[in-house]
Amino acid sequence: MTNVKAQLATVSGEKTTLAGQLKDEQTAHTKTKGELATVSGERDTLKAKVSDLEAKAQAADVKAAEIVASIGQPAPAPAQPGAPVAQQTKREEYAAISDPMAKAEFWAKHKGEILSGK
C-alpha cells in the first residue's frame with residue numbers, strides 16, 4: 001500500500017509539472033500568434049505601398065512619354081537588361097589552373113584574394 005501511495009505522489013507531481021509546462025507552451029503560443037498578426041499587418045501595409053509605388057511609376061512613365069512627345073522627340077526605346085557578367089573569383093581561377101608552376105606563381109601573387117574568396 002505504501003508503494004502505491006508513493007507512485008500516486010510521483011504521478012501527481014508529474015501531472016503538476018506537465019500542467020505547468022502546458023501553461024507555458026500555451027502562453028508562448030499566444031505570444032507567437034500575436035507576433036504573426038503583427039507581421040501579417042506589416043506585410044499587408046508593405047504590399048499596399050508597393051502597389052502605390054508601382055502605380056506612381058507607371059504614371060511617371062506616361063507623363064515622361066507625354067513630355068517627350070510634346071517636344072517632338074520620338075519615345076526612347078525601353079532599356080534591355082543585359083546578361084550578367086560572370087566573373088571568376090581568384091579562388092576559382094586558382095582552382096582551374098592545372099600547371100603546378102603556374103599555380104604556385106598565381107598563389108604567390110593572389111594569396112590574400114584566394115583566402116578571402118574574392
(request) Take every Cα-Cα distance within the chain, group them into 10 Å bins from 0 onward, and report for each bin the whole-number percent of pairs it holds. (result) 10, 13, 10, 11, 17, 18, 10, 7, 3, 1, 0
(message) For a test of understanding, tell me how many lysine pairs in the chain have Cα atoms under 28 Å apart, given they are 8 or more places apart or on different chains.
(response) 21
(request) Springs between alpha-carbon atoms under 10 Å, Gaussian network over the chain: tell me which of Gln88, Gln58, Gln26 tops the mean-square fluctuations. (result) Gln88
(message) Running a GNM on the chain with Cα contacts under 10 Å, which residue among Leu36, Leu46, Leu18 ends up with the highest mean-square fluctuation?
(response) Leu18
(message) Ignoring everything except DSSP H segments at least 4 long, calculate the 222 nm mean residue ellipticity for the chain; use -39,500 (n - 2.57) per segment, divide by total residues, nearest 500.
(response) -28500 deg cm²/dmol
(request) Run the dipole for the chain about the Cα centre, Lys and Arg Cβ at +1, Asp and Glu Cβ at -1, nothing else charged, and hand back the magnitude in debye, nearest 20. (result) 440
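Computed from the coordinates by the stated procedures, all read-outs in this text should not be read as laboratory data. Predicted model only: the values in this text are computed from it and were never measured. Note that each Cβ is placed from the backbone with ideal geometry, even for glycine, and that neighbours are counted across all protein chains shown.
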